[in-house]
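*Asks:* The structure is given below, and queries will be raised subsequently.
The values are calculated or read from the model by the stated rules, or taken from the named source; none is laboratory data. Since this is a predicted model, take the numbers as computed values, not measurements. Reconstructed Cβ throughout: ideal geometry from the backbone, glycine too, with neighbour counts over all protein chains shown. Heavy atoms of the whole protein, side chains included, go into the accessibility calculation; ligands, DNA and RNA do not. Shrake-Rupley method; radii C 1.70, N 1.55, O 1.52, S 1.80 Å.
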Amino acid sequence: NGNGNGNDTARRDEDKKNASVCLSDTLALVRHFAQYVDVVAAVARKTDAAFWPVLFREAGDPLELLQCAMHNGRLRVAGCYLLVVDALCGPEALEKATADLVMEALVTNEYVLVGELCRFAARPAVEAAAKSLKRNSGNGFKHGDKTTSAVSSTATNQAGETTSYIGGLLRWVVGRET
């Protein structure tokens, strides 16, 4: 067709093929190093989530990489995989991976990481509670407002009891041991 679109399409297809080969070759090289899971995690953090399926099709299953990092004592690196696990494997896989990682962090006395993981796990509930509060109040809320600080640290469970997110999360993690 006289407008060059056929050439543009062919060029884009060739570029995609070259990029795929480059990614595959690069990962093949990096696999030879003990830091492979660290490198993949770092690349994923700097890559738009829209490209994660392509990256992990070549790099390997993000759950397996997370477990490898945990097995090697690289718990912070394992934590970097949680967003990818959520995006590519789903919420059930994320829930199990987060619980396993929290337990491993507790066993290894990495309490700062435990706190970070608890905040990560509680974030969706905190955001939902804030949305609900905003919707119910009809006019938003100010930073430092007593209601806002209560939302960020507590929630009402199905039985109507007020519970701490962290306390609830820890009860959930401990309950998974049995």
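*Asks:* Failed condition for residue 68, given (1) without any contact (Cβ under 8 Å) to a residue 24 or more places away in the chain; (2) more than 28 Å from residue 125 (Cβ to Cβ); (3) of a type outside the set (Gly, Ala, Ser), with all others met?
*Replies:* (1)
*Asks:* Out of 165, 81, 111, I need the residue that is hydroxyl-bearing (Ser, Thr, Tyr), open to solvent by 70 Å² or more (accessible area, probe 1.4 Å) and at pLDDT 50 or above. Which one?
*Replies:* Result: 111 is the single residue among 165, 81, 111 that is hydroxyl-bearing (Ser, Thr, Tyr), open to solvent by 70 Å² or more (accessible area, probe 1.4 Å) and at pLDDT 50 or above.
*Asks:* Within the range 6-41, restricting attention to residues that are aliphatic (A, V, I, L, M), modelled with pLDDT of 95 or more and out of contact with any Phe, Trp or Tyr (no Cβ under 7 Å at 6 or more places or on another chain), which residue is most open to solvent (accessible area, probe 1.4 Å)?
*Replies:* Here the answer is 39.
*Asks:* Checking the conditions here, which among 105, 125, 121 is within 12 Å of the chain's Cα centre (by Cα) and of a type in the set (A, V, I, L, M)?
*Replies:* 121
*Asks:* So residue 46 clears everything in (1) open to solvent by 60 Å² or more (accessible area, probe 1.4 Å); (2) under 24 Å from residue 19 (Cα atoms); (3) touching a residue at least 12 places away in the same chain (Cβ under 8 Å); (4) not aliphatic (A, V, I, L, M) except one condition, right? Which one?
*Replies:* The single condition residue 46 does not satisfy is (3).
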